[in-house]
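Before any comments, here is the structure.
The values are calculated or read from the model by the stated rules, or taken from the named source; none is laboratory data. Since we're looking at a predicted model, the values are computed, not measured. Positions of Cβ are generated from backbone atoms using ideal geometry, with glycine treated the same way; all protein chains shown enter the neighbour counts. The area values use the complete protein model at the heavy-atom level, side chains included, leaving out ligands, DNA and RNA. Shrake-Rupley method; radii C 1.70, N 1.55, O 1.52, S 1.80 Å.
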Amino acid sequence: DTCKFARADEALQLSTTPSSLPCREGEHEEIKEVLRDAIARGKSGGCIYISGVPGTGKTASVHAVIKDMKAESDKGSLEPFIYIEINGQRLPKPNVLYSVLLQGLTGKKTDPVQAAISLDSYFGSRSGLRRPVCVLLVDELDYLITRKQTVLYNLFEWPTRKHARLIVLGVANTMDLPERMLPRVCSRLGLRRITFAPYNHQQLQEIISSRLADLEAFDAKAVELCSRKVAAVSGDVRKALQLCRYACELARQDKSDFVSLKHIEMAVKQLFSNPYVAAVQGSSLLEKIVICSAVQLMKETGDTNLSVEHIHDRTVEIHRQLNFEDPPSSQLSAACARLQETRVFTPQGDWWRQTDKVAVNIQGDDVCFALRQDSMLASIASALVGF
Ligand SMILES: Nc1ncnc2c1ncn2[C@@H]1O[C@H](COP(=O)(O)OP(=O)(O)OP(=O)(O)O)[C@@H](O)[C@H]1O
Ligand SMILES: [Mg+2]
């Protein structure tokens, strides 16, 4: 019945995050142990670097750990601590991190340059001993890469100061970011690393089944097939959940009692026969607009190799058409970098050196199909067909 599918769809939504994450118990304990240790030790602090491909539960795990530890400190079994969260992707420019952090710590609002100076003396002074430890989550750390790397450098250097009482939890998709970006700090960092491996098919099956609990909306074989298909390409749980939700919709249209193998097969065919469709759907709004811009340009010039600068300019134009504010150029570069990770673009060189050209791997028809239900972009995307 429809109601059953609606409830399954709800349970499979990304926003429905379970309070404890199956298959990440080990990582949960490890993060918690390091944090507890650092909080109990007080004094300086420490750094944890968490990496793993998209959709492996990094952000969700950190959130779950913090929730646990907040409960413990409320009960009095752990010293109180301050928690601040900053997402690199959402900052207009990397150095705005300083302003956000200073405001979180002291309530003061200042420009990034002044904030950096204040933070430097904040973490350097002995008065730190009197304040609670600060746990700082910097998610999407890859977006803070700048030419001089000053922001990353400071982030990982402050916790090493004697009275900083700062613990930095950096989360990123890139495995070797510390070595590549921070050779200076890396050596004396005592950086603790935790790597989130992509989920295998048994894990995906367990995650989906636990979300569906006792809904009986899916044939067990259907969940297994979905898990195997996704594990074979990426191990990204977001894709598995998306596939299941789409199969739910197909089963409902089919007036079937439950989601069967057939529905998963159909969903796989439509969503995965072309991995780029799934990549577009998993992109942020800005990334989607960048994709539309690139395909528009490709259509106009007939060339699949485009200059990043042209893509940027076109992206700004589309933003204006939509009455959005101009996107900051650091976010634009970051979006292009991300699209190279999902293989929508192929870089012509090293992505982190800000290449000036990319090859576009996606066709207008696929963008149109992927965005057909996107209320903001469907009409822009539909004009891209027939390239
Ligand atoms: N083990 C799990 N059990 C249940 N749900 C999970 C699990 N792992 C991840 N999820 C869900 O999958 C989604 C993606 O997880 P999360 O945001 O933590 O990924 P991520 O590793 O941070 O990805 P990205 O690198 O793209 O930020 C979330 O909605 C989360 O609730
Ligand atoms: Mg994340």
Please determine, by comparing only the residues of the range 24-57 that are of a type in the set (Lys, Arg) and under 23 Å from Glu157 (Cα atoms), which one is farthest from ligand 1 (Cβ to nearest atom).
Lys43
Would you mind finding the one in Leu215, Leu225, Leu241, Leu204 that is out of contact with any strand residue (DSSP E or B) (no Cβ under 9 Å at 6 or more places or on another chain), assigned by TED's automatic domain parsing to the domain that holds Lys269 and assigned to a loop (DSSP other than H, G, I, E, B)?
Leu215
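Conditions (1) of a type in the set (A, V, I, L, M, F, W, C); (2) farther than 30 Å from Ser125 by Cβ; (3) assigned by TED's automatic domain parsing to the domain that holds Asp139, marked per residue:
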site	(1), (2), (3)
Glu29	no, yes, yes
Glu33	no, no, yes
Ala38	yes, no, yes
Gly46	no, no, yes
Ser73	no, no, yes
Ser77	no, no, yes
Asn95	no, no, yes
Leu101	yes, no, yes
Taking the condition free of Cβ contacts under 8 Å to residues at least 60 places away in the same chain, more than 16 Å from ligand 2 (Cβ to nearest atom) and either open to solvent by 60 Å² or more (accessible area, probe 1.4 Å) or in contact with a strand residue (DSSP E or B) (Cβ under 7 Å, 6 or more places away or on another chain) (or both), does Glu25 pass?
yes
Which one of Pro159, Pro94, Pro178 is assigned to a loop (DSSP other than H, G, I, E, B) and not acidic (Asp, Glu)?
Pro94
Please go through the range 200-215 and give me each residue that is surrounded by fewer than 20 Cβ atoms within 10 Å (Cβ to Cβ) and within 16 Å of Phe272 (Cβ to Cβ), ordered by number.
His201
Every pair of residues 6+ apart whose Cβ atoms lie under 9 Å, when the first sits in the range 228-239 and is charged (D, E, K, R) while the second is buried (at least 20 other Cβ atoms within 10 Å of the Cβ) and assigned to a loop (DSSP other than H, G, I, E, B)
Asp236/Gly55; Asp236/Thr56; Asp236/Tyr199; Arg238/Gly55; Lys239/Gly55
Please work out which residue is nearest to ligand 2 (Cβ to nearest atom), limiting yourself to the range 160-176 and to residues that are open to solvent by less than 10 Å² (accessible area, probe 1.4 Å) and within 24 Å of the chain's Cα centre (by Cα).
Val171
Could you tell me how many of the residues in the range 73-84 are in a helix (DSSP H, G or I) and within 23 Å of Gly170 (Cβ to Cβ)?
1
Counted residues, the range 216-239 - those being within 16 Å of ligand 2 (Cβ to nearest atom) and either over 14 Å from Tyr199 (Cβ atoms) or open to solvent by less than 70 Å² (accessible area, probe 1.4 Å) (or both)
5
Name the strands (runs of 3 or more DSSP E) wholly within the range 269-387 that hold at least 1 residues that are surrounded by 19 or more Cβ atoms within 10 Å (Cβ to Cβ) and of a type in the set (A, V, I, L, M)?
305-307, 357-360
Selection status of Gly42, open to solvent by less than 10 Å² (accessible area, probe 1.4 Å), within 16 Å of ligand 2 (Cβ to nearest atom) and modelled with pLDDT under 95:
no
When residues of the range 61-107 are limited to those that are basic (Lys, Arg) and either closer than 19 Å to Asp142 by Cβ or surrounded by 14 or more Cβ atoms within 10 Å (Cβ to Cβ) (or both), the one farthest from ligand 1 (Cβ to nearest atom)
Lys93
Any chance you could count how many residues in the range 281-296 are touching a residue at least 60 places away in the same chain (Cβ under 8 Å) and under 15 Å from Ala383 (Cα atoms)?
7
For Asp120: the one exception among (1) buried (at least 19 other Cβ atoms within 10 Å of the Cβ); (2) part of a helix (DSSP H, G or I)
(1)
From the list Lys32, Lys58, which one is within 13 Å of ligand 2 (Cβ to nearest atom), basic (Lys, Arg) and either open to solvent by 10 Å² or more (accessible area, probe 1.4 Å) or free of Cβ contacts under 8 Å to residues at least 24 places away in the same chain (or both)?
Lys58
Can you tell me which of Tyr49, Tyr153, Tyr98 is closer than 28 Å to Pro327 by Cα and at pLDDT below 95?
Tyr153
Contact list, first residue from the range 198-213 and farther than 19 Å from Pro54 by Cα, second anywhere and open to solvent by less than 70 Å² (accessible area, probe 1.4 Å) and within 7 Å of ligand 1 (Cβ to nearest atom), beta-carbon distance below 6 Å, six or more apart or interchain, is Ser210/Pro22
